[in-house]
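Peer 1: Sending over a structure as structure tokens; questions will come in a sec.
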Amino acid sequence: MKTKFISLLSIILGLIIIIFPVIGIIGVSSLIGLSVLLMSIYLLVVGVTIIDYKTSGAILDLFLGILLLLLSICLIFNPATLGFLTEITLYLAGIMLIIVAVASLINNRDTRYGFYIGISGIVLGVLYIIIGTYLADPIILGSLIGIWLVISGILKLMDR
């Protein structure tokens, strides 16, 4: 039941991230902050649900979730933070996606599709950094995180 809940949560959060850029109302700082906030919610939920049987992975997920939560709050509520972190934010979000993917690789070693969840996150994280360097379009960058969450959710659902 926990796996199904996490899978559906991942798909829903990913779709929210993919849909929000289409609306185009939210500023760059808030959009990136929202993407990072949804990723932190996902990590916190995963960390709490797996703490019973994968303590080290849960601690890593909880730590990353709290770190991303703080970053997202700064980005959403203090637009000047984006001015300060403009260059770093793009790389930081991509690097965080790669770190989260590696954590997913570690936590899902035993599952059938766990390897693919981690690899897709690493590939999308590298794409995030490359696209962020040359394009810096928040719609595309937010969508990459949303795509990874949807892929993770679908593969977790298939992993029964």
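Peer 1: Restricting attention to region 59-83, which residues are in contact with a Gly (Cβ under 6 Å, 6 or more places away or on another chain), farther than 10 Å from Gly33 by Cα and in contact (Cβ under 8 Å) with a residue 40 or more places away in the chain?
Peer 2: Asp61 - this is the single residue of region 59-83 that is in contact with a Gly (Cβ under 6 Å, 6 or more places away or on another chain), farther than 10 Å from Gly33 by Cα and in contact (Cβ under 8 Å) with a residue 40 or more places away in the chain.
Peer 1: Residue by residue through region 81-106, note down the ones that are at pLDDT 80 or above and among the polar types (S, T, N, Q).
Peer 2: Result: Ser104, single match.
Peer 1: Looking only at region 116-139, count how many residues are in contact (Cβ under 8 Å) with a residue 40 or more places away in the chain and in a helix (DSSP H, G or I).
Peer 2: Of region 116-139, the ones in contact (Cβ under 8 Å) with a residue 40 or more places away in the chain are 132-133, 136, 138-139.
Applying the additional criterion that residues be in a helix (DSSP H, G or I) yields 132-133, 138-139.
Final tally of qualifying residues: 4.
Peer 1: Filter region 94-115 for residues that are surrounded by fewer than 21 Cβ atoms within 10 Å (Cβ to Cβ) and either hydroxyl-bearing (Ser, Thr, Tyr) or part of a loop (DSSP other than H, G, I, E, B) (or both) and give the result.
Peer 2: Arg109, Asp110, Thr111, Arg112, Tyr113 - these are the residues of region 94-115 that are surrounded by fewer than 21 Cβ atoms within 10 Å (Cβ to Cβ) and either hydroxyl-bearing (Ser, Thr, Tyr) or part of a loop (DSSP other than H, G, I, E, B) (or both).
Peer 1: Looking at this structure, is Ser7 among the hydroxyl-bearing types (Ser, Thr, Tyr) and either at pLDDT 75 or above or buried (at least 21 other Cβ atoms within 10 Å of the Cβ) (or both)? Please lay out each step first, then the result.
Peer 2: Numbers: among the hydroxyl-bearing types (Ser, Thr, Tyr): yes; either at pLDDT 75 or above or buried (at least 21 other Cβ atoms within 10 Å of the Cβ) (or both): yes.
Yes: the conditions hold for Ser7.
Peer 1: For region 52-59, check the following and say yes or no: at least one residue is part of a helix (DSSP H, G or I), within 21 Å of Tyr91 (Cβ to Cβ) and modelled with pLDDT under 85. Show your work before the answer.
Peer 2: Quick first cut of region 52-59, residues part of a helix (DSSP H, G or I) only: 55-59.
Cutting the leftovers down to within 21 Å of Tyr91 (Cβ to Cβ) gives us none.
No, the conditions are met nowhere in region 52-59.
The values are calculated or read from the model by the stated rules, or taken from the named source; none is laboratory data. Computed from a predicted model, the values in this text were never measured in an experiment. Cβ coordinates were reconstructed from backbone atoms using ideal geometry, including for glycine residues, and neighbour counts include every protein chain displayed.
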